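Just so you know, all these numbers are worked out from the coordinates, no wet-lab data involved. This structure is a prediction, so every number in the text was calculated from the model and none was measured. No Cβ is skipped: glycine too gets one built from the backbone with ideal geometry, and neighbour counts run over all protein chains shown.
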Amino acid sequence: MPGESRLAGFLSVLQLSDSGFPSGRYTLSHGLEAFAQTGLFETPTLAATLAALLGDCIRFGVAPADGVALACAHRAVALDGTVDVELVVAADRRLSAVKLAREAREASTRSGRALLAAAPAVAGVSMGGYRQLIDDGNAPGNHAVVLGLLDALLDVPRLEAVTAELYAFSAGWVAAAMRLGLADHLAAQSVLRRVRPVLVAAAERAVAGDVAQIASCTPLPDVMSMRHEHAELRLFAS
């Protein structure tokens, strides 16, 4: 029944977006650790500052880059399950091109490979064909692109798929803030509430994007990610 199919897609979104999903994304701070090390944050306005920074990361970075790439990969899967491989590879390559920081590129492809490896066990879906393209060096295998393919194969609607990815990024980001001592649990939930309108608007824009629109413009977070590569002490992989 249609209602049951939609509910199954919703459950798939919850599973794939869960922080316990074995893709290794809990090891990422997305440059936030370098921000914390600079001492730029002021304690009296910390929650507002974190919300503003996360909102900018979503609006100008994650949504137009990973969000649009995910939408493209999702769109490449036809109703009969056939895949427009050329479209997927184009989105995958462009996504790597707009990730300026080495750590961000490597984290994206590392978690993408982990998602491919986990797909048969957790979703009952084999993606060996795309895994072969990655192994042969024909595609980088970014997490958002692999997730877009997997969401489509699991009949997750495109808008929900993009929204879930943006939320998963946001939840992981505030979790990193807690581990770094920048926020407690209540402050983290407050940040997520504050960025909700930004996330919704960004998802609605990203879902209609094509490969040529995959872009990112987050200079300061990119610089912080590059600084993180050379930090002597690091809690996170990015």
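Quick one: which residues, 5 or more positions from Ser29 or on another chain, have an amide H under 5 Å from its amide H? H modelled 1.01 Å from N in the peptide plane, none for Pro or chain starts.
Long-range HN contacts for Ser29: Ala237, Ser238.
For a quick check, take a GNM of the chain with Cα springs below 10 Å and name the residue from Gly24, Gly128, Gly172 with the largest mean-square fluctuation.
For the chain, modelled as a Gaussian network with Cα springs under 10 Å, the answer is Gly128.
Quick one: 3J(HN,Hα) in Hz for the stretch 168-183, Karplus 6.51/-1.76/1.60 with θ = phi - 60°, rounded, Gly and Pro as x.
In residue order, the calculated couplings are 4, 4, 5, 5, x, 5, 6, 5, 5, 4, 5, 5, 8, x, 8, 8 Hz.
In the stretch 1-94, which GluC sites (Glu not before Pro) are in a loop and have at most 11 other Cβ atoms within 10 Å, using DSSP for the loop call?
Filter output for the stretch 1-94: Glu42.
Under 5 Å between amide hydrogens, which residues at least 5 positions from Ala76 or on another chain qualify, with H placed 1.01 Å from N in the peptide plane?
Hits under the 5 Å cutoff: none.
Starting from the Cα-Cα distance between Tyr26 and Arg6, subtract it from 0.36 nm times their residue separation and give me the gain in nm to one decimal.
Values: separation 20, 0.36 × 20 = 7.20 nm, distance 2.79 nm.
Using 0.36 nm per residue and subtracting the Cα-Cα distance, I get 4.4 nm.
Could you check which residue among Ile214, Ile134, Ile58 shows the biggest mean-square fluctuation in a GNM of the chain with a 10 Å Cα cutoff?
Result for the chain, Cα springs under 10 Å: Ile134 fluctuates most.
Please give, to one decimal in nm, the separation of the simple spin-label points placed at Thr82 and Thr45, each 7 Å out from Cα toward the Cβ.
It works out to 5.6 nm between the two label points.
Between the DSSP loop rule and a limit of at most 10 other Cβ atoms within 10 Å, which trypsin sites (Lys or Arg not before Pro) in the stretch 137-238 are left?
Here no loop site has a sparse enough neighbourhood.
Length gain on complete extension for the stretch Asp136 to Ala118, per 0.36 nm per residue less the alpha carbon to alpha carbon distance? Display every interim value, and only then the final one.
Values: separation 18, 0.36 × 18 = 6.48 nm, distance 1.98 nm.
Separation in residues times 0.36 nm, less the Cα-Cα distance, equals 4.5 nm.
Convert each backbone phi in the stretch 210-223 into a coupling constant with the Karplus relation 6.51 cos²θ - 1.76 cosθ + 1.60 (shift: θ = phi - 60°), then list the ³J(HN,Hα) values in order as whole Hz, x for Gly and Pro.
For the stretch 210-223, the Karplus-derived couplings read 10, 4, 5, 9, 5, 7, 8, 9, 10, x, 5, x, 5, 4 Hz, x marking Gly and Pro.
Could you calculate the FRET efficiency of Thr38 with Ala201 from 1/(1 + (r/R0)^6), where r is the beta carbon distance between them and R0 is 30 Å, rounded to 0.05? Please list the in-between numbers first.
Details: r = 29 Å, r/R0 = 0.97.
So, using R0 = 30 Å, E works out to roughly 0.55.
Tell me, Kirkwood radius of the chain from alpha-carbon pair distances, in Å?
Hydrodynamic radius (Kirkwood, Cα pairs) of the chain is 17.9 Å.
Mind checking the angle between helix 143-153 and the chain's longest principal axis? C-alpha axes, 0 to 90 degrees, to the nearest 10.
Computed tilt is about 40 degrees.
Name the residue, out of Thr49, Thr82, Thr218, whose mean-square fluctuation peaks in a Gaussian network model built on the chain with Cα pairs under 10 Å.
Thr82
Compute the distance from the alpha-carbon center of the stretch 23-83 to that of the stretch 172-238, in whole Å.
Here the answer is 4 Å between Cα centres.
Using the Karplus equation 6.51 cos²θ - 1.76 cosθ + 1.60 (θ = phi - 60°), what ³J(HN,Hα) coupling, rounded to whole Hz, does each residue of the stretch 121-135 give in order, writing x for Gly and Pro?
Working through the residues one at a time gives 6, 9, 10, x, 10, 9, 10, x, x, 6, 4, 5, 4, 5, 4 Hz.
Using the charge dipole of the stretch 43-228 (Lys, Arg: +1 at Cβ; Asp, Glu: -1 at Cβ; taken about the Cα centre), state which of Ala52, Ala118, Ala107 has its Cα farthest towards the positive end.
Of Ala52, Ala118, Ala107, it is Ala52.
Mind giving me the FRET efficiency for Ala208 and Asp184? R0 is 25 Å, r the Cβ-Cβ distance, nearest 0.05 is fine.
Using R0 = 25 Å, I get an efficiency of 0.10.
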